Amino acid sequence: MAQTIGIATLYWRGKKYDVQKGVKWRLPGYQNNDQNATDRTLRSAAWQQGMCQATVMITSDADESAFDPSLGEGELQIQTDLGTTYVFPDAYVRSFPDVQDNGQAPVTWSLSTYQKISA
């Protein structure tokens, strides 16, 4: 029986963070754009940056200041329970997360390049 991803572990700048289930990401790469012509649709390619969205849990050892966008680029890793690791060496946080009183802080990263490592 085939197995699907069930657990994603997230590391930002070398530190592991607790995240809620539901981490989602899109790899960077080319996308197709529709170009409407007289009586048909053509396509053109354009670069689409990758993204990762995760709800980080703010705990006594996790501070929201680690997600300050002014810190610039850093390494983001996503490890799945299927044995695949995605490494994004030039990821950056788009904006400060809105921290909630239940410890949740949704964070969004933009991604430009990646390496996929399979176990």
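Computed from the coordinates by the stated procedures, all read-outs in this text should not be read as laboratory data. A quick note: this is a predicted structure, and the numbers were derived from the prediction, not measured. Cβ sites come from the backbone with ideal geometry, for glycine too, and all protein chains shown count toward neighbours.
Below, the figures for the structure above:
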read-out: D_trans [Stokes-Einstein, Kirkwood Rh over alpha-carbon pairs] for segment 48-119, 10 °C, 1.306 mPa s, µm² s⁻¹; value: 122 µm²/s
read-out: Sequence-distant aspartates and glutamates (8 or more away, or on other chains) whose Cα lies within less than 12 Å of Lys15; value: Asp61, Asp63, Glu75
read-out: More than 19 angstrom apart: percent of Cα pairs within segment 36-88; value: 57 percent
read-out: About the Cα centre, charge dipole magnitude for the chain (Lys/Arg +1, Asp/Glu -1 at Cβ), debye; value: 500 debye
read-out: Hz values of 3J(HN,Hα) by residue in segment 56-68 - Karplus curve (6.51, -1.76, 1.60), Gly and Pro given as x; value: 7, 8, 7, 10, 5, 9, 10, 10, 5, 5, 5, 10, 6
read-out: Longest to shortest principal axis, alpha-carbon extents of segment 1-75, angstrom; value: 61, 45, 16
